[in-house]
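Quick notes on the structure that follows.
The numbers here are math on the coordinates, done by the rules we state, and not lab data. Just so it is clear, the model here is predicted, and its values are computed rather than measured. All Cβ positions, glycine included, derive from the backbone under ideal geometry; neighbour counts span all protein chains shown.
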Amino acid sequence: MPNPVVHFEVIGEDGTKLQEFYSTVFAWKINADNPMSYGMVSGDTEHGGIGGGISGGAGDGGGRGVTFYIEVASLEDTLKQVEQAGGRTLMSPDDVPGGPRMAQFEDPQGNRIGLVQAGSMQGGNQNQNRTANQSQNPN
């Protein structure tokens, strides 16, 4: 897959309750020890899982829902393609403190989709490492 899904977010009104719910039901390891109380979900590379985040913020206009993030080579070029194809930019490219460079768009049906600049995921990205290893060892 040339542009893999590398991150997800679940956003609601009460991030702590959502974090407790997903931790309890799915045994996810969630670390919200940061200034924004953003619950980082560890990816399970052994079973093919990706990491994500669970947070509050829907009450402040942040929008409740689920968003997945696609890794792309250029946020700016991808957003141009999105707009040419009928989508619209919701969040211009921005650097998340201590995290990746991201953007968001709305597809023609109103779905919010995130973009992540390749090489900018905090702590590295398993998909990037796999891609780099494949290019070095094509067999």
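What FRET efficiency, computed as 1/(1 + (r/R0)^6) with R0 = 25 Å and r the Cβ-Cβ distance, is obtained for residue 96 and residue 26, rounded to the nearest 0.05?
0.55
Need the full-extension length gain, residue 77 to residue 5, defined as separation in residues times 0.36 nm minus the C-alpha distance. One decimal, nm.
Between residue 77 and residue 5, full extension yields an extra 24.2 nm.
For the stretch 1-45, which GluC sites (Glu not before Pro) are both in a DSSP coil and crowded by at most 16 other Cβ atoms within 10 Å?
13
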